[in-house]
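Quick notes on the structure that follows.
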Amino acid sequence: MKNSLILGAMTVAGLAAGVATAGTLEDVQARGKLNCGVTTGLVGFAAPDANGEWQGFDVAVCRAVAAAVLGDASAVEFVPTTGKTRFTALASGEIDMLARNTTWTFSRDVDLKFEFTGVNYYDGQGFMVPADLGVTSAKELDGATVCIQTGTTTELNLADFFRTNNISYEPVPIETNSEAQPLYLEGACDVYTTDASGLAATRAAFENPGDHVVLPEIISKEPLGPLVRHGDNEWGDIVRWTLNALITAEELGVTSANMSDMMAGTNNPEINRLLGTEGTLGAMLGLDADWAAKALAVSGNYGEIFETNIGENTPIGLSRGLNAQWKNGGLIYSPPFR
Amino acid sequence: MTDQHQVAYVRTEMLPEQAPPSSQQGVFKWVRENLFPDVVNSIMTVLALLIIYYLLSGFMPWLFGGVWTADSIRDCREILDAAGREVGGCFAVLTERWNQMLFGFTYPTDQYWRPFTAFLLLPFAVTGLMFMGLIAKAFRILAIVQLCMAALIVVGAMAQGSGLGMAVTPAILAVLAFAISTLAASGTPIVRYLILMTALYPFVAFWLIWGGSILSPLFVMIGLIIGYLVFKRGEAFGFAAGVALGLVATVIVWIIGGQIAGLAPDFLAFEAVRSRDMGGFMLNFILGTVCVSLSLPIGIVLALGRQSDMPIIKIICVVFIEFVRGVPLITLLFVANVVLNYFLPPGTNFDLILRVIIMITLFSSAYIAEVIRGGLAALPTGQYEAADSLGLDYAQATRLIILPQALKISIPGIVNVSVGLFKDTTLVSVISMFDLVGMIRGPILASTEWNGVYWELWGAAILLFFPVCYGISQYSQWLERQLDTSHR
């Protein structure tokens with residue numbers, strides 16, 4: 001707050017109450033900044049680096065949307081949210097969009113009145129156990145103590161899984177992934193369960209990753225994606241199609257390296273439509289013609305973002321798996337740009 | 001009585017003193033009496049030594065074999081492996097993220113000196129109040145502390161090759177502290193100026209930490225001064241009327257000042273830093289200092305209100321205290337962060353730190369009110385009656401007779417609440433603010449480089465928190481001894 005005059009601030013607040021809010025796109029453009037909700041820190045997905053710059057897989061989505069809407073990838077105000085504060089932050093209008101590895105579920109979509117604009121990572125809940133425990137399947141975990149993050153869908157999935165298999169467990173509730181690691185390593189719990197991506201990242205940070213195994217069972221579907229509020233479909237479209245642009249670009253082979261050449265025009269009409277050299281897709285969204293090109297210029301297409309942040313050459317070392325393009329047997333699939 | 005000199009077997013002069021036997025003096029005596037007085041205690045001593053050795057043999061190699069420069073935890077492990085060391089801390093995370101732990105990750109790096117200066121000025125603001133009789137000595141110690149700080153920074157800057165400029169402030173302040181000490185020692189009545197310094201400090205600190213034009217804090221200060229002057233005049237019509245008039249005057253000045261400050265946002269301005277960009281230990285310190293100093297006067301008012309004969313005031317105070325005490329702090333913080341957003345019109349950005357400060361202050365003032373009520377209740381009725389019999393009115397009696405005694409009794413309780421409150425400020429990490437704990441739990445442990453470093457980070461957090469809390473408690477014990485007027 002620039003002005004310390006509390007009373008003045010409250011007067012202004014009272015006046016602002018009378019001003020009706022326009023669409024989110026107009027708000028963002030007027031503000032010149034995109035308020036994007038991210039996690040307070042999740043390895044590979046969102047965390048500030050030593051210079052205080054946010055980096056990560058979810059962060060890249062925020063930056064792409066900011067670039068598409070405002071033409072500036074750095075015009076993002078990252079609002080850190082926890083598992084408990086994320087939905088209120090979005091519902092109250094504190095943030096314009098939430099890109100915080102949030103699972104797309106029925107009740108969040110319908111009951112909490114949010115709109116998931118796609119899936120940027122297909123995850124699933126898995127189990128990690130020490131190798132010397134000798135467990136080969138999650139169904140052998142009867143009576144185990146399980147470290148589990150509270151306030152997430154993993155908690156509910158775990159209960160469901162153990163109930164359907166008629167086995168018992170003892171939960172050890174924890175707040176964040178970083179708390180789970182020492183607890184698990186010290187043996188406070190036999191099993192650590194979270195999304196498979198999180199397990200891989202956690203295991204990669206261990207001193208002896210080989211001493212721990214991730215069990216083959218994936219007990220849930222966790223489609224993670226960005227989301228916006230109900231009721232502003234134009235804004236939802238922008239976020240949805242920015243993500244789709246990143247995915248389509250990978251499918252069509254548009255990368256940050258060859259994009260400038262392709263901007264000159266190619267003989268593939270879909271690439272031309274994507275990059276805005278042909279057709280009026282940008283105008284339909286209320287954006288510039290080269291909106292998708294700007295989004296792609298930030299950190300490349302979906303595949304490039306994956307590789308730099310969480311791919312096999314990073315310490316986290318996730319393989320594409322379900323998150324490969326549909327042509328390569330994955331689930332990543334964008335509707336056509338037409 | 002016979003003459004001693006005549007008796008052959010009686011000495012004529014004293015023998016020289018002999019040293020006590022070696023078993024009855026020095027280290028031997030101490031060791032035998034304290035460590036090995038009997039069999040049971042000897043066994044205990046040996047056991048304790050073994051345990052200490054066991055702990056240190058694990059801790060020392062970890063501490064001294066640690067890695068201080070590396071890019072990531074994997075790098076650390078490689079360096080340790082290459083050196084053939086079994087254990088060793090990965091302290092490189094502290095080297096790389098130290099500034100983030102102190103200031104958060106969004107505070108502009110080239111402006112670190114501002115909160116640092118505010119922090120160094122804090123003892124100047126409080127020493128005058130806290131060590132009433134011993135100003136010369138206290139400021140001499142303060143000068144030494146500031147010099148040590150400067151020296152530390154110089155050493156650190158030598159090691160890192162940058163940041164030498166930070167040492168200038170503590171060096172200047174050391175000279176200032178020494179000057180104050182000398183003045184006080186020579187008998188100059190300096191306390192008045194020191195209290196002026198205390199009164200100025202909040203505004204200077206705000207200006208330093210948040211930046212922006214100096215006009216905003218200046219007008220807030222002017223408003224308070226004018227309010228006080230009006231109160232002094234209005235006191236003739238009674239205490240309550242004076243307060244009311246003073247408040248009105250203050251608010252009028254604030255509103256006018258707000259307009260003027262809005263016109264000249266760049267007048268004597270530092271680069272403005274938003275509350276959202278505050279973080280690290282600095283945030284804990286801001287919240288702790290502000291909330292403790294605000295909740296003390298509010299707590300006093302609440303405690304007095306609870307004892308009032310006027311039913312409405314009494315009911316309001318009782319309901320407030322009991323309600324706030326019946327709610328966990330974390331709930332209040334969630335209200336501040338999450339629920340308030342629903343009530344405020346969309347798009348309003350009611351400062352988050354301010355919201356949190358209000359909530360923590362409400363919380364701790366309810367507790368302090370109860371502590372002070374205990375102090376009030378402990379006063380014998382005779383004190384109240386004596387005040388009445390002297391013809392003092394309520395305000396005078398409270399100010400001059402009741403409160404000085406009640407507050408003295410309440411010191412341990414107040415300090416207890418303050419220390420607890422300072423540590424409770426780490427709870428803001430749950431509402432996604434990046435205080436010291438939030439920084440460690442969130443950004444640092446979630447970075448790909450440092451995911452998996454725990455002991456080093458939490459150890460550093462302990463090293464930052466412990467001296468402050470221990471210092472507060474030692475001070476309170478000293479204060480109790482100073483104010484002890486009982487005739488035991």
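The values are calculated or read from the model by the stated rules, or taken from the named source; none is laboratory data. Because the structure is a prediction, the values reported are computed rather than measured. Every residue, glycine among them, receives a Cβ derived from its backbone with ideal geometry; neighbour counts consider all protein chains shown. Only protein heavy atoms, including side chains, enter the accessible area calculation; ligands, DNA and RNA are left aside. Shrake-Rupley method; radii C 1.70, N 1.55, O 1.52, S 1.80 Å.
Annotations
- Any hit, region B:69-80, residues being farther than 15 Å from B:GLY452 by Cβ, more than 10 Å from chain A (Cβ to nearest Cβ) and of a type in the set (Asp, Glu): no
- A:SER334 falls short of the stated requirement of being in contact with a helix residue (DSSP H, G or I) (Cβ under 7 Å, 6 or more places away or on another chain) and more than 21 Å from A:PRO226 (Cα to Cα).
- Of all residues in region B:232-259, those that are more than 18 Å from B:ALA395 (Cα to Cα) have Cβ atoms under 6 Å from Cβ atoms of residues that are modelled with pLDDT under 80 and open to solvent by 50 Å² or more (accessible area, probe 1.4 Å), 6 or more apart or on another chain, in B:TRP254/A:LEU7.
- Within region B:388-418, the residues that satisfy the criterion of being closer than 16 Å to B:LEU304 by Cα and among the small types (Gly, Ala, Ser) are B:ALA395, B:ALA397, B:ALA406, B:SER410.
- Contact map, region A:150-161: residues that are among the β-branched types (Val, Ile, Thr) paired with residues that are modelled with pLDDT under 85 and open to solvent by less than 40 Å² (accessible area, probe 1.4 Å), Cβ distance under 8 Å, separation 6+ or inter-chain. Pairs shown: A:THR150/A:GLY83; A:THR152/A:GLY83.
- Of the residues making up region B:234-270, those that are more than 14 Å from chain A (Cβ to nearest Cβ) and surrounded by 13 or more Cβ atoms within 10 Å (Cβ to Cβ) are B:GLY234, B:GLU235, B:PHE239, B:ALA241, B:GLY242, B:VAL243, B:ALA244, B:LEU245, B:GLY246.
- Checking each residue in region A:299-329 for being part of a loop (DSSP other than H, G, I, E, B) and in contact (Cβ under 8 Å) with a residue 60 or more places away in the chain picks out A:ILE310, A:THR314, A:PRO315, A:ILE316, A:GLY317, A:LEU318.
- The test for being part of a helix (DSSP H, G or I), within 14 Å of another protein chain (Cβ to nearest Cβ) and under 22 Å from the mean Cα position of the chain (by Cα) does not hold for B:ILE195.
- Breaking point among (1) within 30 Å of A:MET284 (Cα to Cα); (2) surrounded by fewer than 19 Cβ atoms within 10 Å (Cβ to Cβ), for A:ILE95: (2)
- A search for C-beta distances below 8 Å between a residue of region A:162-182 that is on the phi < 0 side of the Ramachandran plot and any residue that is of a type in the set (Phe, Trp, Tyr) and open to solvent by 30 Å² or more (accessible area, probe 1.4 Å), counting only pairs 6+ apart in sequence or on different chains, returns A:PHE162/A:TYR169.
- Condition check for A:PRO226: crowded, with 16+ Cβ neighbours inside 10 Å and closer than 30 Å to A:THR202 by Cα: yes
- Scanning region B:50-57 turns up no residue that is modelled with pLDDT under 85, open to solvent by 90 Å² or more (accessible area, probe 1.4 Å) and outside the structural domain of B:LEU173 (by TED's automatic domain parsing).
- Of the residues making up region A:167-214, those that are aromatic (Phe, Trp, Tyr), open to solvent by less than 50 Å² (accessible area, probe 1.4 Å) and within 11 Å of A:THR145 (Cα to Cα) number 2.
A quick yes/no check of all residues on (1) crowded, with 21+ Cβ neighbours inside 10 Å; (2) under 24 Å from A:GLU234 (Cβ atoms); (3) touching a residue at least 40 places away in the same chain (Cβ under 8 Å):
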position: A:ALA60; (1), (2), (3): yes, yes, yes
position: A:ALA73; (1), (2), (3): no, yes, yes
position: A:PRO80; (1), (2), (3): yes, no, yes
position: A:ARG86; (1), (2), (3): yes, yes, yes
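- Yes/no for B:THR45 being open to solvent by 90 Å² or more (accessible area, probe 1.4 Å) and either within 25 Å of B:TRP455 (Cβ to Cβ) or not assigned by TED's automatic domain parsing to the domain that holds B:ALA460 (or both): no
- Flag if A:ARG163 is closer than 25 Å to A:ALA324 by Cβ, in a helix (DSSP H, G or I) and charged (D, E, K, R): no
- Cβ pairs under 6 Å, 6+ apart, first in region B:353-372 and free of Cβ contacts under 8 Å to residues at least 24 places away in the same chain, second assigned to a helix (DSSP H, G or I) and of a type in the set (A, V, I, L, M, F, W, C): B:ARG355/B:ALA336
Yes/no per residue for (1) in a loop (DSSP other than H, G, I, E, B); (2) modelled with pLDDT of 80 or more; (3) touching a Cys at 6+ places or on another chain (Cβ under 7 Å); (4) of a type outside the set (S, T, N, Q):
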{"site": "B:LEU224", "(1), (2), (3), (4)": "no, yes, no, yes"}
{"site": "B:ALA236", "(1), (2), (3), (4)": "no, no, no, yes"}
{"site": "B:ALA241", "(1), (2), (3), (4)": "no, no, no, yes"}
{"site": "B:LEU247", "(1), (2), (3), (4)": "no, yes, no, yes"}
{"site": "B:GLY258", "(1), (2), (3), (4)": "no, no, no, yes"}
{"site": "B:GLY262", "(1), (2), (3), (4)": "no, no, no, yes"}
{"site": "B:PHE267", "(1), (2), (3), (4)": "yes, no, no, yes"}
{"site": "B:ARG276", "(1), (2), (3), (4)": "no, yes, no, yes"}
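- Residues that are assigned by TED's automatic domain parsing to the domain that holds A:ALA204 and modelled with pLDDT under 85 number at least 2 in none of the helices (runs of 4 or more DSSP H) confined to region A:43-160.
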